[in-house]
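Structure, as structure tokens:
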Amino acid sequence: MIRLRQGFALMILVISGCAPQVDVEADAADAAEPDRGLLTTDPVYTNLLRSVSENRLFSPREPSLSMQFDSSFRYIGGQKFVLYAVADAEQHFFVETTADNKLKSLYWVQFEAYLPDNTYQFDYEDSPARLQLNDYELYLDTSFGHANPGQEKSSSRSDGYLVREFLLSKGYDIPEEYTYARLIHLTDASRRKELMIIFIDNLEAYGLNAADLGEDGNEAQRWAEIENLHLEKIRRTLTLIPHQS
């Protein structure tokens, strides 16, 4: 994911809440420059490099692995596009829903690689946490937030914007009160290709909202507990399987 300067939450939809300040691209344009989202191409839904069968996402390269999702999740499709005219991106989505088909949890999987005509690199050194998931040590950021579904969504064509457009086309939207984790695997030493996994969970399942967990919230002391439960759910519902060369 490119240019998360204002945090994941602000990139995906209009949200008030906590989000990590992540500087992914060393020489990214600042807010005064033109909207690079105008350079993002329209998504394509066919001829994707990765495929899904029996809740297993198969990636033949960059990286070469399979991702097995728990049976409580359902695959709803994928898309690919060129992001900001600098990187190829391919996304896949698995959802867990409530009895009335509302979005309870979401896995957003994104494979991203900078185009050959630039020299950009991904940099997550300011993400100090790590999560060990099977054979992979992943950069980790976690937080929580409040979505404002009644407000107009951002018109900037970021990867997060296209995620929400895809979800809406399938009849879903981000939970109003949510917690999330972002996991990153850089596929080689060039730091120009990455696998990003974002897991979003409905905070209301814990009987909480973002205001409760905020710095001045009544349940602020419970964030460590909720964060641990969120990460444990990832460990229970996702398995990363490297392909043997």
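Any read-out appearing in this document is the output of simple, stated calculations on the displayed coordinates, not a laboratory observation. The model shown is predicted, which means the values in this text are computed figures rather than measured ones. Here the Cβ positions follow ideal geometry from the backbone for every residue, glycine too, while neighbour counts run over all protein chains shown.
What is the range 8-239 by shape, rounded, prolate or oblate, if you read a ≥ b ≥ c off the alpha carbon gyration tensor as root eigenvalues and call it rounded for a/c under 1.5, prolate for a/b larger than b/c, and oblate otherwise? Rounded, because the longest to shortest axis ratio a/c is under 1.5.
Any idea what the relative contact order of the range 8-239 is, in percent, if you count C-alpha pairs under 8 Å spaced at least 6 apart?
Values: 446 pairs, mean separation 53.8, N = 232.
Taking the mean separation of contacting Cα pairs over the length of the range 8-239, I get 23 percent.
Applying 1/(1 + (r/R0)^6) with R0 = 45 Å to the Cβ-Cβ distance of Thr119 and Asn55 gives a FRET efficiency near 0.75.
Of interest is the spacing of the C-alpha centroids, which for the range 128-206 and the range 92-126 amounts to 6 Å.
GluC sites (Glu not before Pro), restricted to the range 135-214: which are DSSP loop and have at most 16 other Cβ atoms within 10 Å?
Here the sparse-neighbourhood loop sites are Glu152.
Placing +1 on the Cβ of every Lys and Arg and -1 on the Cβ of every Asp and Glu, with nothing else charged, gives the range 8-239 a dipole about its Cα centre of roughly 940 debye. Grab the beta carbon distance between Asp135 and Asp42, set R0 = 35 Å, and tell me the FRET efficiency rounded to 0.05. Computed FRET efficiency for Asp135 and Asp42: 0.45. Here the spin labels are modelled as points 7 Å beyond Cα on the Cα-Cβ line, and at Asp216 and Asp126 they lie 2.6 nm apart.
In this rough spin-label picture, where each label sits 7 Å from Cα along the Cβ direction, the Asp35-Ala189 distance is 4.2 nm.
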